[in-house]
Amino acid sequence: MGEAGQGPRTDLEALRRGVESGEVSRREFLRRAGALGLSLAAAASLLDAGGRVAAAQATPGAGGAEPSGTLVIANAEPPTSAQWDAYSVFGLVDAQVASLVHDSLLGYDSADAEIVGHIASEWEVTSPTTVRLTLREGVRFHDGSPVTADDVKATIDRVGNPESGLAWHGLIFPAGGATVVDERTVEVFTEEPFGPLEKSLAVMPIFPAGDIADPELFKQRAMGAGPYRFVSYEQNKVTVEANPDYWAGSPKIQTVVLDYIQDANARISALLSGQADIITRTSAEQLARVADDPNFYVVDVPPLTQIVYIYQNKGNLAAKEVRQAIAHAVDREAIVEGILQGVGKVPYSSIATTAPGYQEQAERFAYDPARARELLSSAGFEDNLTLTMATTTLVPFQKEIDQAVVQFLGDVGVTVDLTTLEVGAFRTSYNQYDMTLNTLASFNFDPDFVLGFYGGPTAEAVFGLDDPNIPPLIEAQRAAQGEERLAAINDLAAYLWDLQPALYLSDELWPFIVSSRVKDYARVPVVGEPLLRFASKEE
Amino acid sequence: MRAPRSGAGGPGRPVDVDALPGEPVLSVRNLTTVFATRAGEFTAVDDVSFDVWPGECLGIVGESGSGKSVAALSILGLVDYPGGVAAGEIRFRGEDLRRLRPEALRALRGSRLAVVFQDPQTALNPLFTVGRQMTDFVRAHRRASTREATRLATEKLRLVGVSAPEQRLRAYPWELSGGLRQRVAIAMALLLDPELIIADEPTTALDVSIQAQIVELLVDLKQRLGFSLIFISHDLGVVSAVADRVLVMYAGRAVERGPVGETFAHPLHPYTAALVASAPTLESVRGRPLPTIPGSLPGPSDRPAGCVFAPRCPRAQPICWAEQPPLAPVLPGREAACHFPLLPDAPATTGTARG
Amino acid sequence: MRRFFLRRLAQNLLMLAFIVLAVFVIMRLTAGDPARIKAPIFASEDVLDRYRAEFGTDTPLPAQLVSFLSGIVRGDFGESFRYQEPVFSLIAQRLPQTAMLALSALLLAVGVALLLGVAGARRPDGWLDRLGQAIAAFGQSAPTFWIGLMLVLVFSLGLGWFPAVGFNGPQSLVLPAIAIALAVLPADLRVIRTAMIDGLAQEYIRTARAFGIPEWRITYVYALRNAALPLVTVVGIDLGYLLGGTIVAEVVFNYPGIGQLAIDAVNARDYPLVQAITIVTAAIFVFVNLGIDLLYMVLDPRIRIEA
C-alpha cells in the first residue's frame, strides 16, 4: 500500500524525462515525486539513475529551521480502512491521517480551540444557512497544484449530497453544498440552518477535485494540502513526512509514523523503550507506569466522548421510571473512582461535560437505591425485573464495569442476564440486548454530532427509541446561533437527561502519554492531530 | 602356536596356574568393580585375578549375575555409569589399561582388543547398514577411504564364511538371519587383526545348531589367526569345546581356576561341581531330569561374611560362614576358593546330583 | 512407499478441502456483520448496505460459497474487507515474518533442548541436567505472554539490549523467539533426554564404544540418530504450539506477523482474510506433517519396509 502503482510509475517516468529535458526543475520533480508516494531519498536516487542530478538537497522548511526527527504515535487501533476517503470513515487513525495530510477551510492553530482561517483566509456567516469564504493565496496540494474554489465546491457538494452514502453526511455536514462566487470566493450553504457549521468546516478536509472525480485514487494514497505528505501505509503503519511547502510554514518534525500496537502492554513498552513517542487513549494502568517519571507527560484533551449504557428503549426499558431507577441505582462516581481510577468524569446531563452548552441539571440522579426501588415499584416491578446485557472488551475495563452495574442493579432487585460476546459479535448485536456499554464520540467538537443520534432512523436503530419530541429539539439547536444555540443545546440535553434513553456513566477522557523529548505537543477537542505541526522532537 | 595345556602345571612346577612360558597378553590382578545403587554399593566383580596367554582361550563360566560379563566390560573400560572399576590392575601387553588416557584406551578398543557381544540383534545398529558400521569401525582407527574400508570388511566377511559379502554390506542387520548376524559380529571383531578377542556369551542367543557352527568358527579362526580369546558363557558344554583353561565365577568372585578338561571332570569347588551336575550338555547327565542348584545367587545386600557360596553349599561348615576362603592352589595347575575342596581321593558329592 | 505417500497426500488434501469448507461456514455462523463492525455504531442502513454490497455479503450464502470456491479454484482468495487488497499479498507480507520468528524459536528450542537433553542423558542429575529440568519447569509453568512481558522488562526496558516491540531487523527476533521457545522447550527437552538415555543404553552403543568409536561421534551420530525419530515427532507437535505461541508473542511484542493479522481479521470479520489465513496455515501444517512422515522413512529404514 502506498507504493507507487502502475499509474504513478508511468507518471514518474514522464516526470523524470521532464527533468532531463529541463522542463521540470529538480525541486519540482522531488515534490511531485513525493506526491506520487515516493520518499525524497528514493526520488533523488531515481534522478541519479537518470544521470542528470548528482545529489539531492534537502528542501528548507519555510519556517526557517529544517524539519527533523521521526515521531511515532502508537495507537490501539489501525485505520478502519485502506481507503483514504476521510468522509466515509470514523476512526481515530483515519482522523489523524486526515488532519495531517489534508487541510480544511477553517482550522485550529492553538490549544484554546479557537477556530481560525486555514484554506480560507477570511469567512463570514452571511445567513443561518450560509458562510462566505475567501480562499487564501498560495495554498497548494502536495502535487503542486493550487487549491481552487472548484476543489472546495467539489468536496462540499459531495458530502452535502444525500445520495452520496458517505458516513459523514448528516452528521458532520447536512444536505447542502457550495457555490463558486469567483476564483477566490465560495459560499458554503446548507438546506436547513446548521449551527455546528463552522466547527464542521474546521475538520472537513478539502480534496482535489480530481480525486473526487476519480475515487479510485483514494485507494492508492491520501493527497491534500496539509502539513504532512502521505508516504506509505504498510504493515498497519501510516507514514507521513513534512510538507516543506505548507502555506503556514513547514512542520518541525520531519516524519510522523502512526503505528498500530494491538496490545496495551506492548504499547507502554514501546513508549518506555523509546520506540514510540506518544501513546494514545491510555488506561489508568498505563498512566500509573509513568506517574512519577519525568521522562513523560500526559496530555488529556478528549474530543466530546461519553461512556454510556445504550438502552433499547422498549420492552422492559420502555418505562422512563425504570430507566431513571437504574440511574439512581448505579453509583457512577464509585465506578469512575474504583474501576476507571479517575480516568473519567461523571456528567449531570446527557452530553459530555466539556461540550459547549453543557449545564448540570437540577435532578442529578444521584446514587439512591431506595429511590430506585420506589421508581421500579411505581413502574410495576417488585424484584421481578430481568434485563439482558452483553459484555465484551470494547471499552476499557468493560467487564469490570458491567460486573459492578450487575451488582448495583442486583441491590435494587433487578436481575441482569449477562452474556459475554467476542468484540466483533458485540459490535454487531449490541442492540439485541437491553443494555450495553459503549462509547459515543463527536468528531467536530460539537454536541450536535451525538445529539443527532437520538432522532430519526439512527435513534430507532441504536436506541430502539422513537420519541416525537426529540427531532424538533434537534432542529431547534441546529437552527440557533451563539448563546441562543447553547441554550437550545441544553434544552435538548435536559429533555434527554430526564428521559434517560441511556445511562450516562462518564465522560471518556483521552489521556495521551507523551515523551518529554516531544516539545510543544498539544491537542484540541477533536479526534485528529491538527496541532502536531507545531510540535518538535529532541533527538 | 603354543598349546597351553601341554606341560601346564607339571608336578614339579610352582602351583601358580598362570606360570606359563612367555608374557601373558592380558594380566588381571585383584579386579574389583562396584556399582553405586540407591541401596548402597554393589560389588559385581570382587577381587578377581587371571591371565590370558598368547593363543590361549580362557573360558569364564558362571550363572548370570556372577559378574563374568562385568569383568569383560571392566577390561574394556566400558562399565557404564554408575558403575566403575574400583581397584585392581588390568595389564594388556604390560600396559595398565586403567592408567591409560581415555583416548589411548579408545584407540586400543576395536583394534588390538576386540569384542563379540551376546546378541547380534541388539549389538548391531539397526539404523545403519552392515557396511556402514564396519567401515565406521575401521575408520575410527585408520585413515582409510570408504573403498579401502569396504574392501577390508569384505575380506573379513569372507574370512568368517559369509557368502556374497558385498551384498551383505548393503543390508541392515535386521535383514540377516541370527547366525549370519553373529558371523558379521565376529567379522567386525576381526577387522583390525586384534591380539585379544573377548567373546561375551557369543552363542547364547543362537539356535543350538547354529551355536555349534559359531563355536567351530571361533576355534578355527583362533587356530588360524593366533589371537587370544576370552570366552564367556554359562554353557559348560560350549566352554569345554572352546577353552583351554577355565575360570569359574560365583557372585562376583573367582571360585575355581584350572584346565578346562580336569576342572569339569573333577571339580574342586562344590559350586563348580553343582554347575557341572546341572549342565544338560555334558554326557554324564544327558537324558536325566535337569538338576538345579538349590537356593539362588546372593543379592547385593545378603552376601555372607565368609564364603559367598556357603548359603547354598551342601558341605558348608561354620568356618565357611565366618571366613572367606582365598583362591589358592589345591592341586598342581588348579586353584579353588574353598575351605573344603573336593579332592579326587574323596568322592565328589553334591546336594542334588545324588538322587 | 510411494503408495503410502500418495495415500497420505490424498488424505491431507481431503482434510484441507474440509478445512476450506469449515472455515467458510464457521465464519458465517459466527455472529458479526462485517459491515456493522466496519461502520461506526451510529451508521445508517444506507452506509451499511453500501459496505455489504462492497463485501459481497448482501448475496445469499450459497451464492457466496460458490463465488468463494470458484475463486479458490482460480487461485483467487479475494480482497480483504479492511485492507482492500488481495489477501494473498497481505499474507505474503506477513507470512515470511512469522515463519522467520517461528523457525528461530524452533531452532532455539531444539538447539537448547539438544544441548541440555544430551548432557542430561549423559549425566542424569548432573548440573546441566538440573539446569535443563529447571528451565523446562519454568517454560512449562509460565505462560508465554508473561515470559514475554518479563523479557521486555528486563532486556528492553532494563538493559536496553533488544527492541521492545516491532520488527527492525534480526535483533527484534531475539526476545519473541525466546518467549516462544520456552513454551516449546520442555516437551523437546524431555523427548530428547529420554530418547538419548534410551539411545545411549542401546547395546549397539556399547558395541560402538567397544570398537573405539570416539565418544562425541557415539553421542551425536549414533545415539542422536536413535533420538531422531522422537525428535522429529516432537517437532511436528511443536508446530501446533509454535502456531499458538507465535500469535501470543506477536501480540506481546507487536511483531508484524500473520498472527496479529489473523486476530484483527477475525475481530473485523474480514471473511476473505480469515479464510485465506486459515487455509494457508492449515496447508502449511498439513504439508509439514506430510514432510515429517517422509522424514520418518528416511530416518528409520525399518519404517520403509513396513510402509
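The values are calculated or read from the model by the stated rules, or taken from the named source; none is laboratory data. Please read these numbers as outputs of a predicted model, since none were measured by experiment. Neighbour counts run over all protein chains shown; Cβ positions are idealised from the backbone, glycine included. These area figures cover heavy atoms from the full protein model, side chains too; ligands, DNA and RNA do not enter into them. Shrake-Rupley method; radii C 1.70, N 1.55, O 1.52, S 1.80 Å.
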Ignoring trypsin sites (Lys or Arg not before Pro) that are buried or in helix or strand per DSSP, and keeping those with at most 16 other beta carbon atoms within 10 Å, what is the longest stretch of chain A between them? A:365-516
In Å and from the alpha-carbon atoms only, list the Rg and Dmax of segment A:401-523. 18.1, 53
Of all accessible heavy-atom area on chain C, the percent that carbon and sulfur account for (1.4 Å): 70 percent
In degrees, nearest 10, the alpha-carbon axis of helix A:92-101 is tilted away from the dominant principal axis of the alpha carbons of chain A by 30 degrees
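So how do B:S163, B:S69 rank on accessible area, 1.4 Å probe, biggest first, that is with the largest at the start?
Numbers: B:S163 75, B:S69 40 Å².
In descending accessible area the options line up as B:S163, B:S69.
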Quick one: P(r) of segment B:129-258 from all Cα-Cα pairs, 10 Å bins, percents rounded to integers, in order of increasing distance. 12, 40, 32, 13, 3
Pull up the cross-link candidates among the lysines for A:K519, meaning alpha carbon to alpha carbon under 17 Å and not fewer than 8 places away within one chain. A:K252, A:K537
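What Kirkwood Rh does chain A have if only Cα atoms enter the pairwise 1/r average? Answer in Å. Display every interim value, and only then the final one.
Numbers: mean 1/r = 0.0403 Å⁻¹.
Kirkwood radius, chain A: 24.8 Å.
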Please go through the residue pairs A:K219/C:K38; A:K153/A:K199; B:K156/B:K222; A:K237/A:K345; A:K314/C:K38 and name each one whose alpha carbons sit more than 21 Å apart in this structure. A:K237/A:K345; A:K314/C:K38
Write down the percent of antiparallel bridges among all DSSP beta bridges whose residues are both part of chain A, to the nearest 5. 75 percent
Over what distance in Å are the Cα centres of segment C:203-245 and segment C:278-301 separated? 19 Å
Using alpha carbons only, how many angstrom separate the centre of segment A:66-81 from the centre of segment C:49-126? 27 Å
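Over segment B:17-265, what per residue volume does the convex hull of the Cα atoms give, in whole Å³?
Working: hull volume 32.1 nm³, N = 249.
Convex hull volume per residue, Cα atoms: 129 Å³.
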Quick one: grab Rg to one decimal and Dmax as a whole number for segment A:305-507, Cα atoms only, in Å. 16.1, 48
Classify segment A:103-219: rounded, prolate or oblate, from the alpha-carbon gyration tensor (a ≥ b ≥ c, eigenvalue square roots; a/c under 1.5 rounded; otherwise prolate if a/b is larger than b/c)? rounded
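In what sequence, largest accessible area first, do C:W216, A:W123 appear using a 1.4 Å probe?
Correct descending sequence by accessible area is C:W216, A:W123.
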Given a 1.4 Å probe and no ligands, DNA or RNA in the count, how much accessible surface is buried by C and A, both sides, to the nearest 100 Å²? 3400 Å²
Dividing the helical contributions, -39500 (n - 2.57) per DSSP H run of n ≥ 4, by the residues of chain A yields a 222 nm value, nearest 500 deg cm²/dmol, of -9000 deg cm²/dmol
Probe 1.4 Å, all protein chains in place: accessible area of C:D33 in Å², nearest 10? 30 Å²
As a test of the definition: with a 1.4 Å probe, what buried accessible area, both sides summed, do you compute for B against C, in Å² to the nearest 100? 2500 Å²
Counting only heavy atoms of protein chains, what accessible area per residue, in Å², does the protein assembly as shown have with a probe of 1.4 Å? 40 Å²
Check: C-alpha center segment A:490-539 vs C-alpha center segment B:37-110, spacing in Å is 85 Å
Around C:Q133 (Cβ within 11 Å, Cβ-to-Cβ, excluding C:Q133; K/R +1, D/E -1) the net charge comes to +1
Gaussian network model of chain B, Cα springs within a sub-10 Å range: biggest mean-square fluctuation belongs to which of B:Q133, B:Q118, B:Q167? B:Q167
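If N is the number of residues in segment C:87-306, what value comes out of its Cα radius of gyration divided by 2.2 N^0.38 Å?
On the way: Rg = 19.6 Å, N = 220, 2.2 N^0.38 = 17.1 Å.
Normalised Cα radius of gyration, segment C:87-306: 1.15.
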How much accessible surface does A:I212 have with a 1.4 Å probe, in Å² rounded to 10? 30 Å²
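Tell me the trypsin sites (Lys or Arg not before Pro) within segment C:69-153 that lie in a loop according to DSSP and have at most 12 other beta-carbon atoms within 10 Å.
On the way: sites: C:R74, C:R82, C:R94, C:R122, C:R130; in loops: C:R74, C:R82.
Listed in order of number, the matching sites are C:R74.
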Rounded, prolate or oblate (a/c below 1.5 giving rounded, otherwise prolate when a/b exceeds b/c) for segment C:191-307 by Cα gyration tensor: prolate
Of all the C-alpha pairs in the protein assembly as shown, what % are more than 50 Å from each other? 50 percent
Sorted list, accessible surface of protein heavy atoms, 1.4 Å probe, largest first, for C:S172, C:S44 is C:S44, C:S172
